[in-house]
1. Report in % the part of the accessible area of the chain that belongs to carbon and sulfur, leaving out ligands and nucleic acids; probe 1.4 Å.
2. Between ASP596 and LEU554, how high is the FRET efficiency from 1/(1 + (r/R0)^6) when r is the Cβ-Cβ distance and R₀ = 22 Å? Nearest 0.05.
3. 222 nm [θ] for the chain, helices only, -39500 (n - 2.57) per DSSP H run of 4+, per residue, to 500?
4. Placing +1 at every Lys and Arg Cβ and -1 at every Asp and Glu Cβ, with all other atoms neutral, what dipole size does region 1-155 have around its Cα centre, in debye to the nearest 20?
5. Project the alpha carbons of the chain onto their principal axes and report the range along each, largest first, in whole Å.
6. Among GLY382, LEU444, PRO327, whose Cα projects farthest towards the positive end of the dipole of the chain, with charges put on the beta-carbon of Lys, Arg (+1) and Asp, Glu (-1)?
7. How much accessible area does TRP199 have with a 1.4 Å probe, in Å² rounded to the nearest 10?
8. Filter the cross-link list LYS232/LYS311; LYS113/LYS288; LYS101/LYS299; LYS348/LYS427; LYS270/LYS371 down to pairs whose alpha-carbon distance in this structure exceeds 25 Å.
Amino acid sequence: LRTDMTSISVVPLGAGQDVGRSCILVSIAGRRIMFDCGMHAGFQDDRRFPDFTYITKQGSPNDYLDAVIVSHFHLDHCGALPYFTEMVGFDGPVYMTYPTKAICPILLEDYRKVTMERKASGEQINFFTSEMINKCMAKVRPVSLHEEVHVDADLVIKPYYAGHVLGAAMFLVRVGDAQSVLYTGDYNMTPDRHLGPAWVDRCRPSLLITESTYATTVRDSKRSRERDFCEKVQRCVEQGGKVLIPVFALGRAQELCILLETYWERMNLKVPIYFSTGLAERANHYYKLFIAWTNEKIKQTFVDRNMFDYKHIRPLHDKSVIDNPGPMVVFATPGMLHAGQSLQIFKKWAPDERNMVVIPGYCVAGTVGYKIINGAKKIELGKQSLDVRMAVEYLSFSAHADARGIMQLVRMCQPRAVMLVHGESAKMDFLRQRIQQELQLPVLKPANGESVAIETEQVMVVEAPVGLLHRRDWSEPARLRAGLLLPPSESTLPAKRPRLLARDAALKEAGLAEHSLRFTTSLSLWSPHSQLSDLVTKVHAVCARAVGDRLAQLQDGNTISVLDRVTVLVKPLPPVGRQQRDNFQLLVSYSFENEDLGSRLFSLLKQEAKIEQSL
């Protein structure tokens with residue numbers, strides 16, 4: 001049942017017409033949710049974190065927010081979480097999946113260490129500690145896929161598989177039966193070598209908030225990209241060069257390791273491949289622990305052969321190896337060359353034109369990765385100026401949905417409105433126009449700090465017997481097809497849902513007898529030289545044309561029953577005064593429930609009588 005219009009309010013504190021620092025505030029039916037709490041890799045000052053003053057200027061974050069939901073472990077979605085809980089002071093519930101809770105503290109600690117290295121060089125940095133990370137993670141309440149978690153009596157959250165990285169989830173937030181929001185985080189609609197595709201049921205949310213990183217991109221064949229990647233890496237090392245592949249700790253790293261491991265085995269290549277110390281071991285551990293989150297092929301072969309036990313890829317225990325002469329391939333973190341080991345190796349290898357760096361995914365504006373894939377040949381790194389002579393290849397193995405995948409998800413969940421976040425403004429415009437033209441849905445793309453309200457129809461869910469909903473006798477009037485709306489009974493109180501009952505069931509429950517109110521309308525007419533039987537035949541013909549021969553039955557000589565619900569009676573009247581004409585009276589009788597049919601028949605008969613008498 002649809003009732004009055006209401007609205008959902010959304011304010012992006014990050015990822016509004018931007019990629020990075022995801023943080024979306026949603027107000028829905030009196031509840032406030034924060035989706036993601038990330039950092040921005042393109043900034044090293046206070047802008048690295050969302051502007052939480054939007055919350056704190058209105059009081060305590062505990063009074064403002066009901067819950068925080070983190071979609072996955074990438075730092076642009078969780079990197080500010082310890083800062084928000086331990087330094088801003090949020091003590092409420094934080095929800096994420098089990099794999100995300102397991103992996104998040106490891107990446108947060110790596111992030112903290114890299115940041116503290118800059119602080120040691122003299123930068124003034126207000127940052128969280130290892131102890132704060134531990135306290136933050138103690139507030140996390142892990143959830144399983146498709147588990148409905150009741151934050152309170154009315155607020156329910158439900159995670160769906162998002163692909164992208166191990167443990168990534170889309171979250172449906174519902175308040176009562178009235179309104180709902182589906183937040184995607186990052187997702188991938190295409191299966192890869194170790195994860196399955198994103199999936200959501202036809203949940204029909206009031207609002208879909210979707211990432212739009214690749215809003216204008218439709219990717220080519222994945223196999224051709226994989227072949228291109230392997231051949232370029234092989235060509236470089238065969239010419240004596242070194243190949244740097246910047247990756248994040250988990251996700252694309254495993255995807256590309258499996259790819260190169262398979263290619264090296266098939267081509268019988270002997271050039272060493274290295275992986276950042278400890279990450280390969282950690283990845284192996286977590287993929288074993290959360291095998292249910294991988295794709296079907298990994299699950300089926302895991303008992304016989306662990307695809308993450310590499311033969312050709314070894315940990316980079318000794319950092320001096322990168323200075324060794326000769327070819328090699330190194331997977332190093334992080335993925336955008338904004339800090340850490342990947343940036344240190346890049347500094348050493350960039351001046352040599354024999355070397356190559358392969359950027360396998362999206363890079364945020366401001367990072368070294370973003371600059372070099374856009375053609376920069378000289379990079380300023382603090383006081384150091386670096387000439388980039390090595391080859392730069394950008395081969396997208398990103399685990400984000402492309403334009404086709406985003407449209408697929410919109411069609412899959414059937415929202416009533418769409419909001420685009422986590423993307424560039426110009427690309428959002430292209431996708432917004434496509435969604436509006438093809439699906440006729442309202443689409444918004446708010447900037448950071450911009451508050452928007454989405455008008456939605458409030459929907460009331462009621463319980464009703466199957467028989468009432470499946471009734472197929474549409475010859476019944478609307479009043480008989482409808483039911484009566486009653487308050488919740490004791491059996492439905494936990495769900496607080498009203499009930500829709502058929503009329504007889506409602507009367508029985510209330511202990512009331514049915515009373516019938518009938519109407520009779522009359523029409524006086526004259527028909528010279530007509531017999532009663534002739535007039536009854538004409539009236540019957542009018543009724544039969546209205547409802548069909550079988551539904552207008554002649555009874556008792558001068559009575560016609562229509563649908564067994566309306567009675568039409570034709571009777572003669574005695575002459576009045578000296579009038580020498582045949583007078584008749586036409587009576588149409590019906591109950592209150594059949595007023596529509598009775599009124600329609602009377603109008604038809606009255607019109608027929610006028611024509612008859614005018615002749």
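The values are calculated or read from the model by the stated rules, or taken from the named source; none is laboratory data. Worth saying up front: this structure is predicted, and the values here are computed from it rather than measured. Every residue, glycine as well, gets a Cβ built from its backbone with ideal geometry; the counts of neighbours run over all protein chains shown. Keep in mind that these areas ignore ligands, DNA and RNA; they rest on the heavy atoms of the full protein, side chains included. Shrake-Rupley method; radii C 1.70, N 1.55, O 1.52, S 1.80 Å.
1. 51
2. 0.45
3. My calculation for the chain gives -9000 deg cm²/dmol from helical runs alone.
4. Roughly 180 debye for region 1-155.
5. 130, 53, 46
6. PRO327
7. Its accessible surface works out to 120 Å², give or take rounding.
8. In this structure, LYS113/LYS288; LYS348/LYS427; LYS270/LYS371 lie more than 25 Å apart at Cα.
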